[in-house]
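Chemist: Dropping the structure in here first, questions after.
The values are calculated or read from the model by the stated rules, or taken from the named source; none is laboratory data. Here the structure is a predicted model, which is why all the values come from computation and not from measurement. All Cβ positions, glycine included, derive from the backbone under ideal geometry; neighbour counts span all protein chains shown.
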Amino acid sequence: MSRLYLQGPLIIGGGLAGLSAALAAGPAPTLVISPAPLLEAASSAWAQGGVAAALTKDDAPALHLKDTEAAGAGLVDHAAAVALTDEGRATVEWLASLGAPFDRDAGGQFAVSLEAAHSRARVARVGGDGAGRAILSALVTSVRASGHVTVWEDARLRALIQDATGRVRGAVIEHEGRLVEVLAPATVLATGGAGGLFGETTTPVALKGEGMALAWAAGAEILDPEFVQFHPTAMDVGLDPMPLATEALRGEGARLIDRDGVFLLGEADDADLKPRDVVARAVHAARASGRGAFLDARTAIGTHFPSEFPAVFAACLRAGLDPRETPIPVAAAAHYHMGGIAADPDGRTGLEGLFAVGECAATGVHGANRLASNSLLEAAAFGRRTGRAAAAARLVKGPVIVGSVIEDLPEAELADLRAAMSADCGVVRDAAGLTRLIALIDRLEAAHGAPPALVAARLVAEAALARRESRGGHYRADYPDTDPVAAHTRLLKLPVESTSRSLAVPA
């Protein structure tokens, strides 16, 4: 195995968080690792809604903060959320300065839309529903033009490298079919979420929580891994992953109905703009009862669909459906992981040398239920902060300990795991289903060891079983009430000498 020494940060992930960090790290020489060509493997490229920020005269960061904390169901870190919302306008303006073509109104100001649980219209969009790809494209262009960033495409994280003190010193990267030990002053995980662990997901299926799993194995704290957000309007048209019908459609008046045309959440004009967990459970219940769930945009959007929501319109046509004439069949699908590697707004984790940013990180800004379109804001705002912090790290010399590279879970077994995660750790959970899921994970582990995807699934499932309440995106049918006091789940790896079957203990 060859070895490479870097003078600047190693950034693992080529989405919005990773590329924002890479640009901000300059002039420090920076290496970015991406498992596929940029724009092809990142959830941020698929985001349709936009970037949430206080951009209008009737809005303010304090109002954005209030909505963020309300959605997070008692688990939002106040200081982190203040940092996020205060940087909203500056972050959108920075993205625009890189060439992100945000929609503008007649006066040249940012055009904003209303999404669920926001008290104001504050989501800056691009081309109606093309924000993620347009924004990321602008960053890709800037990264490729920069003099300090090198990008390895077709490269993936396989293990972390530490020293005897536990400090992370770099990572083992598989690049073009060979393993390379990359040592760096700072290692930044921007590896994305865990939606690929679920059979029904709106995210790239390659994102299986592996960064979280390897960070946990290295000794990092994992925060609230049970909190997964399920998007209520994934298009149920037989595709994997499931195309997304953006929440902005409901913001423009599209309604959720059953096959008989009955409103799923009531007749009030704003009934379908409740927090995502509420809407997701209504969609789940309608499908489970045989009534079906459909998003009806015929009246609200109608003939304007191709121009106002071109990405959703194109996905519908590919599925043989014209949303101007027919309601869109929808299902609740795994969409965003609120939990992950515990990190602060500058990306620092509990391990020296290791940073985490974007969806793989849990900074506390999302709590138990992410406010719509806060994720792109967090990726860019905290990505920039993380890049600056990582660039300030200094190279440490001395012996290192290279982590073991574990083979991936075979495809057939991964398919079984994904089906079980959606069935038993999905929108509605209970002890029987979670216990059944953990038993499957036990069997797979006995046969295949501990591939990172399997470790990530166990972290989510065991934390979900341990949380005997319903809060935010985590709903237990057998514990439907919310505890009066909100408490985090904080997990650390068990000592090697422990004989417990559990992977983790409360920190």
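Chemist: Test residue 280 against the stated conditions and say whether it is touching a strand residue (DSSP E or B) at 6+ places or on another chain (Cβ under 7 Å), crowded, with 22+ Cβ neighbours inside 10 Å and either outside any loop (DSSP other than H, G, I, E, B) or modelled with pLDDT of 95 or more (or both).
Modeler: When the stated conditions are applied, residue 280 passes them.
Chemist: What tally of residues in the range 447-484 results from selecting those that are more than 22 Å from residue 404 (Cα to Cα), in contact (Cβ under 8 Å) with a residue 24 or more places away in the chain and assigned to a loop (DSSP other than H, G, I, E, B)?
Modeler: 7
Chemist: Further question on the same structure: For the range 156-259, please list each of the strands (runs of 3 or more DSSP E) lying entirely inside it that holds at least 2 residues being under 20 Å from residue 406 (Cα atoms) and not hydroxyl-bearing (Ser, Thr, Tyr).
Modeler: Qualifying strands (runs of 3 or more DSSP E): 168-175, 178-183.
Chemist: Hey, does the range 188-209 have a residue that's surrounded by fewer than 19 Cβ atoms within 10 Å (Cβ to Cβ), touching a residue at least 12 places away in the same chain (Cβ under 8 Å) and of a type in the set (D, E, K, R)?
Modeler: no
Chemist: Any residue at all in the range 46-64 that's touching a strand residue (DSSP E or B) at 6+ places or on another chain (Cβ under 6 Å), outside any loop (DSSP other than H, G, I, E, B) and not basic (Lys, Arg)?
Modeler: yes
Chemist: Consider only pairs whose beta carbons are under 6 Å apart and that are at least six residues apart or on different chains; among these, list those whose first residue lies in the range 254-266 and is over 18 Å from residue 115 (Cα atoms) and outside the structural domain of residue 285 (by TED's automatic domain parsing) and whose second residue is in a loop (DSSP other than H, G, I, E, B) and modelled with pLDDT of 95 or more.
Modeler: No pair meets every condition.
Chemist: Being outside any loop (DSSP other than H, G, I, E, B), of a type outside the set (Gly, Ala, Ser) and within 30 Å of residue 465 (Cα to Cα) is the filter here, so list the residues in the range 376-430 that pass it.
Modeler: Across the range 376-430, the qualifying residues are 376, 378, 411, 413, 414, 416, 417, 418, 421, 424, 429.
Chemist: Surrounded by fewer than 16 Cβ atoms within 10 Å (Cβ to Cβ) and either modelled with pLDDT under 90 or in a loop (DSSP other than H, G, I, E, B) (or both) - does that describe any residue in the range 72-89?
Modeler: no
Chemist: Quick one: would you say residue 345 is of a type outside the set (A, V, I, L, M), closer than 23 Å to residue 50 by Cα, more than 14 Å from the chain's Cα centre (by Cα) and assigned by TED's automatic domain parsing to the domain that holds residue 163?
Modeler: yes
Chemist: Here is a further query. What's the number of the only condition in (1) more than 20 Å from residue 223 (Cβ to Cβ); (2) outside any helix (DSSP H, G or I); (3) modelled with pLDDT of 95 or more that residue 501 fails to meet?
Modeler: Answer for residue 501: the failing condition is (3).
Chemist: Of all residues being of a type in the set (A, V, I, L, M, F, W, C) and out of contact with any helix residue (DSSP H, G or I) (no Cβ under 6 Å at 6 or more places or on another chain) in the range 90-116, which is surrounded by the fewest Cβ atoms within 10 Å (Cβ to Cβ)? Just the residue, please.
Modeler: Among those that are of a type in the set (A, V, I, L, M, F, W, C) and out of contact with any helix residue (DSSP H, G or I) (no Cβ under 6 Å at 6 or more places or on another chain), it is 106.
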